[in-house]
1. Would you please list the contacts, defined by Cβ atoms under 9 Å and residues six or more apart or on different chains, that run from a residue in region 76-88 that is touching a residue at least 24 places away in the same chain (Cβ under 8 Å) and closer than 12 Å to VAL118 by Cβ to a residue that is surrounded by fewer than 19 Cβ atoms within 10 Å (Cβ to Cβ) and of a type in the set (Ser, Thr, Tyr)?
2. Can you spot a residue in region 43-50 that is out of contact with any Pro (no Cβ under 9 Å at 6 or more places or on another chain), in a loop (DSSP other than H, G, I, E, B), at pLDDT 90 or above and not basic (Lys, Arg)?
3. So for region 121-132 (the condition being free of Cβ contacts under 8 Å to residues at least 24 places away in the same chain and not β-branched (Val, Ile, Thr)), does at least one residue qualify?
4. Of these, ALA137, ALA89, which one is of a type in the set (A, V, I, L, M, F, W, C), within 24 Å of ARG218 (Cα to Cα) and out of contact with any Gly (no Cβ under 7 Å at 6 or more places or on another chain)?
5. For region 46-91, which residues satisfy the criterion of being farther than 20 Å from ARG102 by Cα, of a type in the set (S, T, N, Q) and surrounded by fewer than 18 Cβ atoms within 10 Å (Cβ to Cβ)?
6. Inside region 239-251, can you point out the residues that are out of contact with any Leu (no Cβ under 9 Å at 6 or more places or on another chain), of a type outside the set (Phe, Trp, Tyr) and closer than 14 Å to ALA198 by Cα?
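The values are calculated or read from the model by the stated rules, or taken from the named source; none is laboratory data. Owing to the predicted nature of the structure, the values given are computational and were not obtained by experimental measurement. Here Cβ is always computed from backbone atoms with ideal geometry, including for glycine, and neighbour counts include all displayed protein chains.
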Amino acid sequence: MLFDNRHPRYLPHVKNPEVLHMGLSPLAGGPWIETDKDLPRYHRHKLQQRERLADRVYHASPASGDAQRELATILQRHLLEEQGDVYHAEDRDLCCSFAGIRVPFETDEPLWHASLLVADDLVIMQEVGGEYRLTAASLCSPSHWRLEEKFEQPLRAIHDPIPGFHQALTPRIDRFFDHLRPEHPVVRYNWALQAHEALNQRPESEPDITPESPLHYRTERQSLVRLPRTRAIAFTIRVYLHPLESLAEVEGALPALFRAIDATPPPLYAYKGFDKLAPALARYR
């Protein structure tokens, strides 16, 4: 069964209006990967971004090979066993017929090919010298960051640009990473606003914003899974984009959004780009 993505499925600001929060909850039987009718769009997007940006959207250290293969194997098994109505094996490929996807099981870029099966971006963090570092990623829909700047960096450096992040969350995240167990995957959600509907929000691609710019509500559904054999941590990051006016379909969602924006501390307000979006936001109030 395919999810219907025509309407906003997640509105994390309603429950957690703070921009900075961990917001972790157990996956607890819910779907690890959400497959919906937009999958063909995300698949084409990934191919286009790889052709355009090469190792700026897919990069992996040699030391990440085992973790890549483990994640690819677990993901392939999950799709066949849990979403067999959508995915099937054919010869030595895994296929999704409705999306026109056919990906080999065995490849010299296991993380990249695994990412082509799903709408999610995939990131691997491994413990190196007592710190978790980003060692491999297929990242075609980043939110205002560049993979080449974060590659092989520890968690603290990855989050450095976010005002107040270290004081509020870094110690808790370090403890969480140390204690995450394979049998207890978790999920969390981020929200943001953006002008226009580009999935790839690298900083240099930001469009000019005018009072007439169409705004979109962006949600990231992130799952965190400990890989049992290599002990790496795998992130899946699924981006959902909806026109901001679609929040009016959900009672209280737009007023809650503006309360959350107005309550955001000034450094975070600027970091999230709310100041630049203000002229366009005015017409939604």
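1. Pairs that qualify, where the first residue is touching a residue at least 24 places away in the same chain (Cβ under 8 Å) and closer than 12 Å to VAL118 by Cβ and the partner is surrounded by fewer than 19 Cβ atoms within 10 Å (Cβ to Cβ) and of a type in the set (Ser, Thr, Tyr), are VAL86/SER97; TYR87/SER97.
2. Restricting attention to region 43-50, the residues satisfying the condition of being out of contact with any Pro (no Cβ under 9 Å at 6 or more places or on another chain) are 43-50.
This time we only want the ones that are in a loop (DSSP other than H, G, I, E, B), so: none.
Taking every residue of region 43-50 in turn, none turns out to be out of contact with any Pro (no Cβ under 9 Å at 6 or more places or on another chain), in a loop (DSSP other than H, G, I, E, B), at pLDDT 90 or above and not basic (Lys, Arg).
3. Yes.
4. Details: ALA89 fails: within 24 Å of ARG218 (Cα to Cα).
None of the others qualify; the one that does is ALA137.
5. Of everything in region 46-91, just one residue is farther than 20 Å from ARG102 by Cα, of a type in the set (S, T, N, Q) and surrounded by fewer than 18 Cβ atoms within 10 Å (Cβ to Cβ), namely SER61.
6. The answer is HIS242, and nothing else.
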